[in-house]
Structure formats: structure tokens, C-alpha cells
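Visitor: Dropping the structure in here first, questions after.
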Ligand code: NAD
């Protein structure tokens with residue numbers, strides 16, 4: 001049993017803290033957001049993640065998991081401190097390091113106790129290459145002389161929507177440190193998971209995270225570019241991917257054409273990597289294209305809707321299925337739905353929308369949208385129905401009913417989940433992405 005403090009109770013911090021407590025450790029999570037902490041202390045998860053709330057309540061009950069707004073309380077007796085605060089996009093595209101710096105300085109100011117062994121600070125936030133050294137420096141600037149700290153970079157790869165599963169069954173754990181002792185101590189924390197553990201220096205570990213997100217974003221933009229070409233030349237991108245996927249060198253899993261990537265990670269991480277490259281006098285040509293193609297995916301989807309509605313959406317009612325940036329999460333950060341809805345509203349459309357769990361988060365972002373109780377209400381009276389997020393519950397709707405409820409049966413499938421022939425048989429004017 002180790003004593004662990006986790007700073008930040010967002011998607012990463014809350015899942016990290018809860019899962020480490022589930023492995024038998026004693027965990028205290030600290031957050032500056034008082035409302036969040038109040039909710040957590042009542043055993044309620046402020047975010048939607050499969051299995052998280054039940055695990056949280058079980059471990060709180062067992063006395064292994066607690067939440068606080070006090071750094072003193074969280075760091076008291078801690079051997080390990082995880083930093084899992086946000087690193088949002090800054091004004092110039094680079095990562096905004098305000099929250100990481102604030103966390104590092106707070107750790108230094110508290111400098112809990114005077115132990116024989118260094119306090120191990122583990123950075124889970126996605127941070128620019130070189131941040132590990134900066135965090136160590138910021139802690140040391142605040143703490144009493146002689147207080148020992150060791151910094152380990154431990155980037156997180158979990159997927160929102162499957163965060164608990166991914167934390168407990170990671171493909172790999174990456175640990176970067178210039179202090180072998182500290183890396184080995186953190187390795188012991190992760191050993192029960194039985195995953196491969198890659199140990200590197202700090203900068204390499206930090207880069208592994210950016211490079212991993214950048215290649216995944218690149219797959220998406222690659223297949224969207226192929227989709228644009230398919231659409232213009234009369235090929236079907238879904239069948240193209242199927243044909244490509246039998247080649248053992250090509251992994252078709254991430255080759256899904258659609259309205260592009262969103263979320264709190266890919267867009268900001270690719271932008272931050274572009275910025276880092278520029279600052280290092282490298283030319284990030286591919287990465288810049290990945291971002292440009294992603295914007296095109298949203299813009300061309302809107303253009304397609306306009307075209308299908310005879311060149312204008314003014315005064316038309318458009319139904320939107322799915323708001324979260326991907327299924328199984330309530331996270332709307334950088335969701336394609338936001339850009340698409342804003343663009344359609346600007347062109348004079350009236351938008352109604354439904355999402356299985358993202359509606360609460362959407363209300364403050366999409367003020368003019370009428371939120372519906374289900375997919376059928378969304379389709380009722382609509383001139384077009386847009387599928388933006390491929391939630392499972394949209395895959396087997398009664399499409400005959402949907403078609404009959406609409407004013408004009410125009411179906412624009414932003415994730416290619418429907419069979420074009422079947423949809424046309426139902427009577428829809430159907431258009432997917434990159435499909436003849
Ligand atoms: P989040 O925005 O959901 O949560 C961050 C939390 O940190 C918030 O609750 C905020 O109140 C708290 N916080 C901010 N400053 C603080 C401070 N000084 N002290 C204590 N708490 C503070 O963020 P997230 O999505 O969990 O992401 C955290 C980091 O992990 C980011 O760097 C992100 O890029 C990275 N990451 C995220 C994911 C993901 O899927 N969300 C996956 C891998 C890595």
C-alpha cells in the first residue's frame with residue numbers, strides 16, 4: 001500500500017486516483033474547484049465514465065479514497081504526487097502551463113514533512129518537452145533547502161469513455177526520469193497491471209505522448225483526405241479501408257472517415273507539437289496539414305448539407321444526432337458538433353439536437369439549439385438530419401419511422417454508420433463522407 005496524492009480531478013486525475021485506490025493504495029485527490037470536490041465527497045462523479053462512480057463509491061467506503069481542496073491534507077504523508085491538471089491550448093497554440101506551474105509551486109510550498117527519501121512527483125498532464133525539468137525547478141524554488149524531490153514523466157494514454165478500462169488495461173506504461181530510483185518506485189505502483197513498462201529519460205517520455213496523439217490524428221486526417229478524393233471520383237472510402245485493412249502493415253482501426261477529430265487532446269496536442277517544432281526551428285509540414293484537413297472535414301460537411309438543401313439552409317430546421325466529441329463521453333471540448341452547429345446557425349438554420357449524455361454540457365455552449373429527448377423528436381419536422389457522433393443507440397434506429405417524421409428526408413451521415421443502399425430504400429436522400 002502506497003500513499004498517493006493526485007492533483008486535479010478531471011478525466012485523468014479522477015480516474016488515476018480512483019484506480020490506484022482500487023489497487024489497494026491510499027489516495028487523496030486535491031482540486032481547486034470547490035463544487036467538484038463537494039460532489040466527489042458525496043460520492044458523485046462530476047464526469048461520465050463507464051464504471052467510475054461505482055468504483056469511486058466502493059473505495060471511499062473502504063477508506064482508501066478521499067477528496068479535498070487542501071494541498072496540505074492531500075500531501076500529508078504522501079510518497080507519490082501525481083500532477084493531472086489541464087494543459088489547454090494557449091493563445092499562440094502552445095500548451096498553457098499555468099495550472100501545472102501552480103500545482104508545482106503549491107507542492108513546493110507545502111513540502112510535506114522531511115523524509116529520508118525524495119518526494120516523487122509524477123507528471124501525468126500532457127506537457128511540452130522539457131517540462132519535467134521545469135516542474136522540478138519550480139518545486140525546488142518554493143520548498144525549504146534540503147527538501148528532496150524526484151520528477152517522473154508518466155504520460156497518460158487513456159481514451160475518454162473507456163478511461164477506467166484503459167487505466168487498468170494499458171497497452172503500455174511510459175515512465176521517463178533521470179532518476180532511476182524514482183522510475184523504479186513508480187514502476188512498482190504499476191506492476192499489478194501487468195502491462196509492458198517503457199522506461200526512458202524525461203524528454204523522450206514527454207515526446208512519446210505527443211507523437212502518439214499526432215499519429216492517431218494523422219490517420220484520421222489521412223483517411224479524410226482519401227474520402228474527399230473518393231467522393232469526387234465516385235469511390236466508397238469505407239470499402240477502400242476494408243480492402244486496405246487486410247494488408248498486415250496497415251491497421252484499419254483508426255481509418256474512419258467522417259467529420260474529423262475533436263476532444264480535449266488531439267487538436268490541442270497537435271497544435272502544441274507544431275508550435276514546439278517551430279520554436280525548435282523544425283518545419284512541421286505534415287502536422288500542419290493534419291490540422292488543416294481536420295478543419296476542412298467540418299467545413300465541407302456543412303457545405304454538403306447546404307448543397308443537399310438546394311443551396312440554402314436559411315429558415316430550415318436541421319436535426320443533429322450526437323453532440324459529444326465521440327461516443328460514451330459527455331465531453332464537448334473541441335467537438336465537431338459545435339463548429340458545425342454554429343456554422344449552420346450563422347447561415348440561418350434552426351437547429352434541434354439530441355445526445356444521450358452530452359446535453360447538460362451542451363446547453364451553455366449552444367444557446368439557440370432546441371434540445372430534444374430522443375432521436376425521433378429530433379427528426380420530427382426536420383429538413384435534414386445530421387449524424388455527428390456515432391453513439392451505439394443511433395445504429396439501429398427505426399429508420400422507416402425517422403424518414404416518415406421528417407419534413408424532407410435528407411440524411412447526412414458524418415460517421416458513415418448507415419448503409420447507403422438501405423437508407424435510399426427507406427426513402428432518404430442519403431449522403432455519407434467519401435461514399436458514392
Ligand atoms: P480536466 O480539465 O478534465 O481536469 C483538470 C482538473 O484540474 C480540473 O478539475 C481543474 O479544476 C483542476 N485544476 C486546475 N488547476 C489546478 C491546481 N492548481 N490544483 C489542483 N487542481 C487544479 O483535464 P483532463 O482532461 O483530465 O486532462 C488533464 C491532463 O491530462 C491534460 O494535460 C490532458 O492533455 C492530459 N490527458 C487527457 C486525456 C483525456 O482523455 N482527457 C488523456 C490523456 C492525457
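Visitor: Return one number: the angle in degrees, 0 to 90 and rounded to the nearest 10, between the long axis of the Cα atoms of helix 285-308 and the longest principal axis of the Cα atoms of the chain.
Guide: Helix 285-308 sits roughly 30 degrees off the main axis of the chain.
Visitor: To the nearest Å, what is the center-to-center distance of the range 360-436 and the range 102-149, using C-alpha atoms only?
Guide: Using only Cα atoms to place each centre, the spacing works out to 50 Å.
Visitor: If you don't mind, there's one more thing I want to ask. In terms of the Cα gyration tensor, with a ≥ b ≥ c the square roots of its eigenvalues, is the range 325-436 rounded because a/c is under 1.5, prolate because a/b exceeds b/c, or oblate?
Guide: The shape class here is prolate.
Visitor: Could you state the angle between the C-alpha long axis of helix 131-142 and the longest principal axis of the C-alpha atoms of the chain, as a value from 0 to 90 degrees rounded to the nearest 10?
Guide: 40 degrees
Visitor: Using the per-residue mean of other Cβ atoms lying within 10 Å as a proxy for protection, in what order, highest first, do the peptides 147-153, 167-173 fall? Working shown, then result.
Guide: Working: 147-153: 22.0, 167-173: 15.4.
Listed from highest to lowest mean packing, they are 147-153, 167-173.
Visitor: Taking neighbour Cβ counts within 10 Å as the exposure measure, how do 407, 352, 61 sort from fewest upward? Can you show the working numbers first?
Guide: Working: 407 14, 352 19, 61 10.
Ordered by Cβ neighbours within 10 Å, fewest first: 61, 407, 352.
Visitor: To the nearest 10 degrees, how steep is helix 98-110 against the longest Cα principal axis of the chain, on a 0 to 90 scale?
Guide: Helix 98-110 sits at roughly 20 degrees to that axis.
Visitor: Considering the alpha-carbon set of the range 196-321 alone, what are its Rg and its Dmax in angstrom?
Guide: 17.8, 58
Visitor: Using alpha-carbon positions, what is the distance between the centroids of the range 318-343 and the range 1-71, in Å?
Guide: Cα centroid of the range 318-343 versus Cα centroid of the range 1-71: 28 Å apart.
Visitor: Within a 10 angstrom radius of the beta carbon, how do 230, 265 rank from fewest other beta carbons to most? Let's see the in-between values first.
Guide: On the way: 230 21, 265 25.
So the residues, fewest neighbours to most, are 230, 265.
Visitor: How would you rank 298, 187, 363, going from fewest to most other Cβ atoms within 10 Å of each one's own Cβ? Working shown, then result.
Guide: On the way: 298 21, 187 14, 363 11.
By the 10 Å Cβ count, ascending: 363, 187, 298.
Visitor: Mind grabbing the base-10 log of I(q)/I(0) for the range 215-431 at q = 0.11, 0.13, 0.19 Å⁻¹? Debye formula, identical points on the C-alpha positions, no solvent, two decimal places.
Guide: Each listed q corresponds, in turn, to -0.54, -0.75, -1.48.
Visitor: Cα gyration tensor of the range 146-222, axes a ≥ b ≥ c as square roots of the eigenvalues: rounded (a/c below 1.5), prolate (a/b > b/c) or oblate? Show your work: numbers first, answer last.
Guide: Numbers: a/c = 2.51, a/b = 1.51, b/c = 1.66.
Since a/c reaches 1.5 but b/c is at least a/b, the shape of the range 146-222 is classed as oblate.
Visitor: So, one more: Please state the shape class of the range 3-199: rounded when a/c is under 1.5, otherwise prolate if a/b exceeds b/c and oblate if not, all from the C-alpha gyration tensor.
Guide: Values: a/c = 1.28, a/b = 1.24, b/c = 1.03.
Rounded.
Visitor: In whole Å, what are the extents of the chain along the principal axes defined by its C-alpha atoms, from largest to smallest?
Guide: Per principal axis, max minus min of the Cα coordinates gives 74, 48, 39 Å.
Visitor: Here is a further query. How many angstrom separate the Cα center of the range 208-232 from the Cα center of the range 266-297?
Guide: About 12 Å separates the Cα centre of the range 208-232 from the one of the range 266-297.
Here, each number is a calculation from the coordinates, and none is a lab measurement. All values derive from a computational prediction rather than experimental measurement. All Cβ positions, even for glycine, are placed from backbone atoms using ideal geometry, and neighbour counts span all protein chains on display.
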